[in-house]
Every structure is written in C-alpha cells, then in structure tokens.
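In what follows, a structure is listed as structure tokens, so that the remarks can point back to it.
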Amino acid sequence: MDKLFNRKKIILVIGGGISAYKSLDLIRLLKKQGCQIKVILTESGKKFVTPLSVASLCQNKVYENIFDSTREAEMDHISLSRWCDIILFAPATANSISKLASGRADDLASTVILASNKQVILAPAMNVRMWIHKSTQNNFNKLLDYGYVFVGPTTGEMACGEYGEGKMSSPEEIYEFIKNYFLNRDIVKDKNLKALVTAGPTKEYIDPVRFITNNSSGKQGYEIANSLAKSGIETTLISGPSKLKKPQNVNFIKVETAKQMYMETKKALPVDIAICAAAVTDFKPEKYEIYKIKKNDLNINFKRNPDILEFLSKNNSQRPKLVVGFAAETNNILKFAKEKKIKKHCDWIIVNDVSNPEIGFDSEYNAVTIIDDKNIEKISKNSKTNIANKIVRKIVNNFIQ
Ligand SMILES: Cc1cc2nc3c(=O)[nH]c(=O)nc-3n(C[C@H](O)[C@H](O)[C@H](O)COP(=O)(O)O)c2cc1C
C-alpha cells in the first residue's frame, strides 16, 4: 500500500469508449494502494463495462442516474464532488469532452463535473481523426483554459486498426500521473521548487538557407517539463526547434541556436533542478556566410558551441542543487555515460541508446538508464510520458527525503 494513496477518495467517470475495460484495471491498481473509489458510468459507458463488474471491483455502489429517486435527499450531483479528492474521467470520449467544454450538464457525470470544486483529470480516448478534429482540439484547449488537466492521449495502434494520437494512456500511466498529482499537492508545493528543462535540437546556420541540426523531436524533454509542472514545480522549458505543442503550465521559451539556448539558460537561473535533455548541436560553422554559398566554394570550418550542461554543473554561485544531463549513445553506452558524468560534473546522467530505431530520437518510446553517484537504475522500454513520470518521481524523492 502506498502512503500517498492511502484513504484518497477518487470519483472515476467511465465514458462510452472501447478503452473502458482498461479502467477496470485502473480501479484494481488504485484500490490496491488504499484508495476509495466511487464510479459514475455514463449511459454509453454501460454498453462497454457492466455496473456489476465495476461495483465488484470498487466495492462501492455505482452511480448511473442523475434522477435517482431513492437518493433524492443526497443530491448526488453535489455530494459526490464534495466527497472526493479528485475526479478522473477515463476514458473521456469526444462527446463528453465537447459537453464539458460547452458547460452542458445533461447527465450525472457532466453535472457532477460542472458542480465540482475539485481537480478534474481527463484521460481522452478516441480514434485519431476524432482527436485531431478541429472541434475536439478547440474543446481540448478550452478545457485547458478552464483548468482541467489531461493525461494522454498517447500515440499508437488503435482498436479500430488505425494508427495515431488518441489512445487512452495505460492504467499504469494514469496511476503514475495521479500519484504525481497527490505528491505535488501534499508535499512538493510547500518546497517552492523551480526547474529548468532544455529540449529539442538546435539549429546552426551555415548560410541563409543551410544549417546543421539533428533529428531530436524534443518529446522526452517536453514530457519531463510537463511532468515537473504537474508535480507542482515551477518549470521553465527552453526548447530548440520542435513541432510539439507547448506543455501546460510551463514558462516556455523557444530558441534556435545553441548560443541562444545557453543565454536563456543563464537568464533562467537560479533554479533548484536543471535537466539538460536538449540534443544541442556540438559544433557550429566558424563563420556564418550572409550570402548563399556557391556549390564549388565548399570550405567550412567548425567551432565548438557553448556546453550548457558543463556550465550549469560548474557554475558555483548559482549551481542548481540537482543537475541532470542526457547522453545519447550508440555504443559502449554505460562506459561513455559514466565518463560524461565525471567530465561534466553533473549529478545524474540519463543515457539512451539512439542506435535502436524503436526508441530514442524521433520515437514515441524510450528506454533509459539513470546513473547517479550511488546507483544505476534501468527503466525498460516505455512511452516517453511514462519515462518522464518515473524520472520526475525520482527527482521529487530526491528533494523530499
Ligand atoms: C463500438 C464503439 C466504440 C466507441 N469508442 C469510442 C471511443 O473510443 N471514443 C469516443 O470518443 N467515442 C467512442 N464511441 C462513441 C461514443 O460511445 C458515443 O459518442 C457516446 O455518445 C459517448 O457517450 P459518453 O460521452 O456519454 O460516454 C464508440 C462507439 C461505439 C459503438
């Protein structure tokens, strides 16, 4: 049983989507940690999981109907939201997301949520076209504005056979997310921690049309910034060119070159935690040519870019209490990572094997090893979201011990 979860009260709303069955697993995970759970099933939710199986797992009455004459005196639509610590909607359907965005309250689930004074966490699940539809994206942005938070959706193969973004996060991911939320609420907030994350590639121009860069997507760094912010840590994300959306509740700074990233990093100090997840281009052309170089004039010399990780680790007056570097290696992974940790004077190195096309740079998945002064901890292949949550859990533990 986890102390953080013990006696926490959760309202779980299950909507009408294929992934409703995953919420049964989630109930089991949360119950095992000592949570009390009350479930609201939408009318469509009942087509996917039965009230009987839900009631057996959560060992509580299942709420289905707003007009329940046997419970008239209780006013469930108000009392349920007052009873709980959080409301979790999983799977949150396109229909329910749309209803919440427009403030409709035409069933028990939407009425409880509208009447709630608690944090509402949504785990969307739908076909990729439904998720990327402009109306769903508008609703999503509206709900972010209203203070709802989202876990997922993730990208992958869907029940319908199509591939893309829209899959519900796994029960483990949702569990980790909620755990981070409680950690934040109960402990981290008191500490007023500040973090800085660098992410993405940098772009070093040779002339007005050419540049050198790498194919880092920025995804792992963005997920770490997201997870830090959700844990209640004031987070600045300094990102090189990336197509990703800005995470919620972070101070977001976009840069192009390594020098700009270095300057913005300096400006963001002091912080308690610095995570250098950016794939900074190590070299840049010695000279930038203001006119496009002609084909036959190819003679480029390179010079080193500023080393942001080393700067943070050695900057004594404003050195963050925890400096974490990333190493992307293709061979001798652990050996090179340990050498980098010593050379850069950082506290942890997180290394990933970028030679494996299934994980790393432009993939949704990663597998990493965290090397600190005492331990080597492996996190096996997992979504970048889950990896980020695990890294952030380790960071938070480091500060609350
Ligand atoms: C087999 C089947 C699977 C469905 N899966 C989803 C889904 O994953 N996500 C979604 O948003 N809607 C899905 N729908 C549509 C919803 O069930 C429908 O929009 C319903 O009105 C949602 O109601 P609710 O939001 O009150 O739960 C599915 C429908 C069917 C018939």
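Amide H to amide H, which residues 5 or more places from residue 169 or on other chains are under 5 Å from it, using H placed in the peptide plane?
Hits under the 5 Å cutoff: 154.
Can you pull the one-decimal nm distance between simple spin-label points at residue 133 and residue 373, each 7 Å off the Cα toward Cβ?
Inter-label distance under the simple model: 5.5 nm.
How many angstrom lie between the Cα centre of segment 121-164 and the Cα centre of segment 176-206?
Segment 121-164 and segment 176-206 have Cα centres spaced 22 Å from each other.
Can you run phi through the Karplus equation (6.51, -1.76, 1.60; θ = phi - 60°) for segment 82-96 and list ³J(HN,Hα) in whole Hz, with x for Gly and Pro?
Per residue, the Karplus-derived 3J(HN,Hα) values read 6, 5, 8, 8, 9, 10, 10, 10, 8, x, 8, 7, 4, 4, 5 Hz.
Calculated FRET efficiency, residue 294 and residue 65, Cβ-Cβ r, R0 60 Å, to nearest 0.05?
0.20
How much of the DSSP bridge set in the chain is antiparallel, in percent, rounded to the nearest 5?
So the antiparallel bridges amount to about 30 percent of the total.
On a 24 Å Cα-Cα criterion, which of the cross-link pairs 267/314; 203/294; 284/344; 245/303; 142/230; 38/99 come out too long?
From the list (267/314; 203/294; 284/344; 245/303; 142/230; 38/99), the Cα-Cα distance tops 24 Å for 245/303.
For segment 295-343 and segment 246-262, what is the separation of their C-alpha centers, rounded to whole Å?
Cα centroid to Cα centroid, the span is 18 Å.
Over the chain, what relative contact order in percent results from Cα pairs under 8 Å that are six or more residues apart?
It rounds to 11 percent for the chain.
Step through the residues of segment 32-37 one at a time and calculate ³J(HN,Hα) from phi using the Karplus curve (6.51 cos²θ - 1.76 cosθ + 1.60, θ = phi - 60°), rounding each to whole Hz and writing x for Gly and Pro.
Each residue's phi maps through the Karplus curve to give 4, 8, x, 6, 9, 10 Hz.
Report the extension gain between residue 78 and residue 302 in nm, rounded to one decimal, defined as 0.36 nm multiplied by the number of residues separating them, less their alpha carbon distance.
Full-extension gain reported as 74.1 nm.
Skipping prolines and chain starts, which residues have an amide H placed within reach, meaning under 5 Å, of the one on residue 235, given they are 5 or more residues away or on another chain?
For residue 235, the qualifying residues are 195, 251.
Within a 10 angstrom radius of the beta carbon, how do 346, 84 rank from fewest other beta carbons to most?
Final ranking by Cβ density, sparse to dense: 84, 346.
Looking at the chain, which longest stretch skips every one of the chymotrypsin sites (Phe, Trp or Tyr not before Pro) that is in a DSSP loop with at most 13 other Cβ atoms within 10 Å, leaving the sites themselves out?
147-287
Read the figures in this text as sums done on the coordinates, not as results from a lab. Quick caveat: nothing in here was measured; it's all calculated off a predicted structure. So basically every Cβ, Gly included, is an ideal-geometry build from the backbone, and we count neighbours across all protein chains shown.
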